[in-house]
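Here's the structure, in structure tokens; my notes come after.
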Amino acid sequence: MERIKLLALCILLLTAGLVQSQTYNIVIKGGHLIDPKNNINELMDLAIHNGRVVQVSKNIDAKDARQVIHADGLYVTPGLIDIHAHVFAGTEPDRGLSNGLQSVPPDGFTFRVGVTTVVDAGCSGWKSFPLFKKNIIDNAQTRVLALLNIVGEGMRGGAWEQDTNDMDPKLSALVASQYKNIVVGFKLAHFIGHDWTAVDRVVEAGSIAHLPVMIDFGSATPPLPIEELYMKHLRPGDIYTHTFALLNGNIRETVVDEQLKKVKPFVWEAQKRGIIFDVGYGGASFNFSQAIPAIKNGFYPDCISTDLHTGSMNAAMKDILNVMSSFIAIGMDFQGVIKSTTWNPALTIQREDLGNLSVGSEADIAILKIEHGHFGFWDKTGYKVEGDQKLECEITIRSGKIVYDLNGIANPVVIH
């Protein structure tokens, strides 16, 4: 009888030890961890349990994990945040980016490049947001947040986006208040009127809701002055997107003087004032002739984003890693590029729970590789920059689960 009791106790202890050893769901070993919020830029291990980061330290015992990722030679960063994308995909051919064919479904274009959060930049307005939430946001594994278009119909194109009667600050702010966990600001785009009505309406919505606005500015002829936009209409924390665009037809003033190849003095002052400068690469909204002298001058974008849609992903833009690699090629340092796609956008959209690897934070993680070779980056004009480094995503983890594993380096290989 005593022997049976002893055997039972041994089994119990062994079982308890086994359960206790399964402390972590995932341990990432040997990676170079970059966490701008916490000023970490060194080799560190990271442990995940129940969807959260639970430990960041030099040597975490891998035997205590259900899955182990050996990240030697790789970079471990917070999940990337694409602050300017268009993901209100639909089947209506005449609705542009708002439930139309030009937007893309998020999950097909996010995890494979390390993006765990996208901010839809104005595809839906206060009228169309409920449909966007029902069809896309509620069904996506990617975290989808939204900048609400000041136009109630959203980004339908043409006359729809010129209707100032449909630009209702109070109703926009009301919808934002009803969906506080999703709506992170407001958007104005494509307005061609030679006045400040649309800008002031979207800023009013932002002021009511205490949220930032993003401005896709410049279609008036002659162009309205961007100095006046920055200094008299926008507030600190508001976002100027398509920063490095040089548009044909004299419809938008540039941030870099094309003759002097210098960033204009008031642009520096605007950044100091707190205006956020976002890349928003897009299909026709990025020029190396603007970006290269800006970087040489030491003027860096606060946020690097894609302006993802069907027209940009198959052109010069491609994806966020290609855009990040472009900025590395023209002289922006790697750590700065990571900050501009993680912690900076999190701060910009007032979501400090995102974009970092603090203990206790939701485990959204990108594991990246720098490929070395000969690569070409080009803009809409055909201007080409050559580089010897290009980023590639090895693994993406969303809320503590591996959702993308390029080469099956997780052990065991399990995709959720």
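The values are calculated or read from the model by the stated rules, or taken from the named source; none is laboratory data. What you are looking at is a predicted structure, and each value in this text was computed from that prediction instead of being measured. Here the Cβ positions follow ideal geometry from the backbone for every residue, glycine too, while neighbour counts run over all protein chains shown. Calculation scope for accessible area: heavy atoms of the full protein, side chains included, ligands and nucleic acids excluded. Shrake-Rupley method; radii C 1.70, N 1.55, O 1.52, S 1.80 Å.
Proximity of backbone amide H atoms, modeled 1.01 Å from N, is registered between Glu394 and Ile367, Leu368, Lys369 at under 5 Å, excluding neighbours fewer than 5 places apart on the same chain. Set the Förster radius R0 to 51 Å, insert the Cβ-Cβ distance between His372 and Asp195 as r into 1/(1 + (r/R0)^6), and round the FRET efficiency to 0.05. After rounding, the FRET efficiency stands at 0.50.
With the Cα gyration tensor of the range 192-318 giving a ≥ b ≥ c as the square roots of its eigenvalues, does the rule (a/c under 1.5 for rounded; else a/b larger than b/c for prolate; else oblate) give rounded, prolate or oblate? Cα axes put the range 192-318 in the rounded bin. Rounded if a/c is under 1.5, else prolate if a/b is larger than b/c, else oblate: which is the range 267-416, with a ≥ b ≥ c the root eigenvalues of its Cα gyration tensor? The shape class here is oblate. Sorted on the mean count of surrounding Cβ atoms within 10 Å across their residues, most packed first, peptides 102-109, 359-366 read 359-366, 102-109. Ranking Pro222, Ala366, Gly125 by Cα position along the charge dipole of the chain, where only Lys, Arg, Asp and Glu carry charges on their C-beta atoms, puts Ala366 farthest toward the positive end. Cross-link pairs exceeding 20 Å between alpha carbons, from the set Lys133/Lys187; Lys264/Lys318; Lys272/Lys380; Lys187/Lys339; Lys180/Lys339; Lys296/Lys369: Lys264/Lys318; Lys272/Lys380; Lys187/Lys339; Lys180/Lys339; Lys296/Lys369. The residue list Ser98, Thr348, Gly158 was ranked by how far each Cα lies along the charge dipole of the chain toward its positive end, using unit charges on Cβ atoms, and Thr348 comes out on top. Annotation: per residue accessible area for the chain equals 41 Å², rounded to a whole number [probe 1.4 Å, protein chains only]. Taking amide H atoms as placed 1.01 Å from N in the peptide plane, the amide H of Phe186 lies under 5 Å from those of Leu148, Val213, Met214, each 5 or more residues away in sequence or on another chain. Put simply, the amide H of Gln67, placed in the peptide plane, has neighbours under 5 Å in Ile26, Val27, leaving out anything fewer than 5 places away on its chain.
Relative to the longest principal axis of the Cα atoms of the chain, helix 169-178 runs at roughly 10 degrees. Placing unit charges on the Cβ atoms only, positive for Lys and Arg and negative for Asp and Glu, gives the chain a dipole magnitude near 780 debye about its Cα centre.
What is the distance, in nm, between label points placed 7 Å from the Cα along the Cα-to-Cβ direction at Asn39 and at Thr91? Each label point is offset 7 Å from its Cα along the Cβ direction, giving 5.4 nm. The local environment of Glu228, defined by Cβ-Cβ distances under 15 Å, has a net charge of -1 under the rule Lys, Arg +1 and Asp, Glu -1.
When shorter helices are ignored and each DSSP H run of at least 4 residues is given -39500 (n - 2.57), the per-residue value for the chain at 222 nm works out to -6500 deg cm²/dmol. In straight-distance terms, cross-link reach from Lys262 covers every one of the aspartates and glutamates whose alpha-carbon lies under 16 Å from its own, apart from those fewer than eight places away in the same chain; here that gives Glu227, Glu253.
Shown here for the range 153-187: trypsin sites (Lys or Arg not before Pro) in loop regions (DSSP other than H, G, I, E, B) with at most 13 other Cβ atoms within 10 Å, namely Lys180. Here the chain exposes an accessible surface that is 53 percent carbon and sulfur, computed with a 1.4 Å probe and the other protein chains kept in place. Spatial offset of the range 288-303 relative to the range 357-380 amounts to 20 Å, using the alpha carbon center of each.
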